[in-house]
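Worksheet for the structure shown next.
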Amino acid sequence: MNNVLEATTVSLHEMKSQLQNVPPVDDQQLNCRGTFSGHTGPILALAVTETGTEKLLVSSSSDHTIRIWDLADLKSIKCKQMLKGHEGIVHSVTAIGNKLFSGSSDKTIKVWNLDSYECVHTMFGHDNTVCALMIFMGQLFSGCYQHMKVWDLETYECVATLSGHNHWVRAITVSGGYLYSGSYNSIKIWDMATFTCTHTLVAHDGSIYALAVIGKHLLAGTYENAIEIWDIDSHELVRRLEGHIGAVYALGVQDNRFFSGSYDSTIKVWSPETWKCLQTLVRHQSSVDALAVHHSYLFSGSADHSIKVWG
């Protein structure tokens, strides 16, 4: 009996020692919490907004429609409304409060009221597809072929046209009083006060499809499968992140990590401290073209016609 007790005691000590050596579970690991669908074409853009009474996800597609999703219950996300009105692919969406803006290959930007779900205005002025939209400080920025336009959010009038790019302006972001716009092998930096171009970053990986800022770094998703990392202050390219095997179409930032969506059907999670890939999400069946971050959740839109929520 004593031998049995001694063996059991030794075994328990060994198990305790082994358990102490097990690395802690990473509670930041993302898991797919759900999939919802309804679009009949690839999903090209996502945006999240809060109207005061509701939290909504907006998606746009090559099927010419926009869908509004209720985020009240993430376990059972329902489509509240489908918006029709564009006569072409809806490439971009952005929202503030109960105002939604959508850009299309029909060369227009439509303004939608998210309380009534009606189109309240159509903005004309672009001569080609509106492929990027962003709202900042009472103004709407829209990207098109070789130029951007700046619109007043109250009057819907165009207040400036920013020219000088050599190709499509597919990516726009803002940080520290400067506007960043990406095109083919170039990122232009604009002074927000004067709308003058103060610097042009010479990129090396083809078209820029996505831009985001984390800390003191500008992230650029590129055609050549890489994410370029630029120092905002020195304007120097400090690193290239490799790992995707397809163009990087989307970027998203969440606290101490960021995400990249790619033509290779995956989403990668990255650390801005080590610049290492922390996780690869592989549930989509086709290109991941859009990402949106809302608190601790990540939404991804794909050419497989589905939207996934991760958390």
Checklist entry - Which of (1) open to solvent by less than 60 Å² (accessible area, probe 1.4 Å); (2) of a type in the set (Asp, Glu); (3) not in a strand (DSSP E or B) is the odd one out, the single condition GLU228 does not satisfy? => result (3)
Checklist outcome for this item: The condition from (1) of a type outside the set (D, E, K, R); (2) under 19 Å from the mean Cα position of the chain (by Cα); (3) open to solvent by 10 Å² or more (accessible area, probe 1.4 Å) that CYS119 misses is numbered (2)
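Between LYS149, LYS107, which is open to solvent by less than 40 Å² (accessible area, probe 1.4 Å) and of a type in the set (D, E, K, R)?
On inspection, the qualifying residue turns out to be LYS149.
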Item to check | Matching entry among LYS84, LYS110, LYS75 (being over 16 Å from VAL150 (Cα atoms) and touching a strand residue (DSSP E or B) at 6+ places or on another chain (Cβ under 7 Å)) | outcome: LYS75
Checklist entry - Among the residues of the stretch 26-39, is there at least one that is within 18 Å of the chain's Cα centre (by Cα), modelled with pLDDT of 95 or more and under 23 Å from MET123 (Cβ atoms)? => result no
Checklist outcome for this item: Over the stretch 77-117, the set of residues charged (D, E, K, R) and within 20 Å of SER62 (Cα to Cα) is LYS80, LYS84, GLU87, ASP106, LYS107, LYS110
Checklist entry - Which condition number in (1) over 30 Å from PRO272 (Cβ atoms); (2) open to solvent by 30 Å² or more (accessible area, probe 1.4 Å); (3) not basic (Lys, Arg) is the one that TRP168 fails? => result (1)
Checklist entry - With respect to the numbered conditions (1) open to solvent by 40 Å² or more (accessible area, probe 1.4 Å); (2) under 11 Å from the mean Cα position of the chain (by Cα), which one is the sole condition not fulfilled by LEU291? => result (1)
Checklist entry - Among the residues of the stretch 279-286, is there at least one that is free of Cβ contacts under 8 Å to residues at least 24 places away in the same chain and of a type in the set (A, V, I, L, M)? => result yes
Checklist outcome for this item: Of VAL238, VAL253, the only residue that is of a type in the set (A, V, I, L, M), assigned to a strand (DSSP E or B) and either modelled with pLDDT under 95 or surrounded by 15 or more Cβ atoms within 10 Å (Cβ to Cβ) (or both) is VAL253
Checklist entry - Restricting the stretch 177-222 to residues that are touching a strand residue (DSSP E or B) at 6+ places or on another chain (Cβ under 9 Å), of a type outside the set (Lys, Arg) and outside any strand (DSSP E or B), which is most open to solvent (accessible area, probe 1.4 Å)? => result THR196
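Among the residues of the stretch 55-95, how many are assigned to a loop (DSSP other than H, G, I, E, B) and open to solvent by less than 60 Å² (accessible area, probe 1.4 Å)?
Residues that pass the stated criteria total 11.
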Next on the checklist: For the stretch 127-151, which positions are in contact with a His (Cβ under 8 Å, 6 or more places away or on another chain) and not in a strand (DSSP E or B)?
Outcome noted: THR129, VAL130, CYS131, CYS144
Checklist entry - Consider MET192 against the criteria (1) of a type in the set (A, V, I, L, M); (2) under 18 Å from the mean Cα position of the chain (by Cα); (3) farther than 14 Å from ILE232 by Cα: it satisfies all of them except one. Which criterion is unmet? => result (2)
Checklist outcome for this item: Of the residues in the stretch 126-146 that are farther than 21 Å from LEU219 by Cα and among the aliphatic types (A, V, I, L, M), the one that is surrounded by the most Cβ atoms within 10 Å (Cβ to Cβ) is VAL130
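Restricting attention to the stretch 40-54, which residues are touching a Leu at 6+ places or on another chain (Cβ under 7 Å) and at pLDDT below 95?
Passing the criteria: only THR51.
The values are calculated or read from the model by the stated rules, or taken from the named source; none is laboratory data. Worth saying up front: this structure is predicted, and the values here are computed from it rather than measured. Don't worry about glycine lacking a Cβ; one is built from the backbone with ideal geometry, like all the others, and counts go over all protein chains shown. The area values use the complete protein model at the heavy-atom level, side chains included, leaving out ligands, DNA and RNA. Shrake-Rupley method; radii C 1.70, N 1.55, O 1.52, S 1.80 Å.
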